[in-house]
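Reviewing the structure listed below.
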Amino acid sequence: MVKFLLLLLFIILFALIFLTTPLWSKEPSKKLKVGNHYFTAVWCGPCKIQTPIIKKLQKEGFNIKIYDNDKRVKIVPTIIIVRKNGLLKLEGLQTYEKLKKVMIKKRVYKLW
């Protein structure tokens, strides 16, 4: 009887864990490394405006990685600046001036 109750308790706990954990979430397993990350999508209208701005900053020497159709963000365009002491997340369309100011303020150093 005790074994049956323990087995039943185990099944109930397993079912609770299984039903409350989203199967589609890949976020915890794919952490972003320290750096500058830009998330975009082909179908996104604002991304078509934001991408040339990001590429202009890259040409000026700022190191920004571009991710297309990445599942780690829910809103595109998104720019994430990751540092050891935290991160800055900019969602939606950003102007060139604002991005350059943020990159300089957050010490996003140029590649020489």
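Read-outs throughout are calculated quantities, based only on the coordinates presented, and are distinct from any laboratory measurement. Quick caveat, the model's predicted, so the values are computed rather than measured. So basically every Cβ, Gly included, is an ideal-geometry build from the backbone, and we count neighbours across all protein chains shown.
Summary of values
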quantity	calculated
All positions within the stretch 39-58 that are touching a strand residue (DSSP E or B) at 6+ places or on another chain (Cβ under 9 Å), crowded, with 16+ Cβ neighbours inside 10 Å and in a loop (DSSP other than H, G, I, E, B)	ALA41
Every pair of residues 6+ apart whose Cβ atoms lie under 8 Å, when the first sits in the stretch 58-74 and is closer than 15 Å to VAL102 by Cα while the second is among the β-branched types (Val, Ile, Thr) and assigned to a strand (DSSP E or B)	ILE64/ILE79
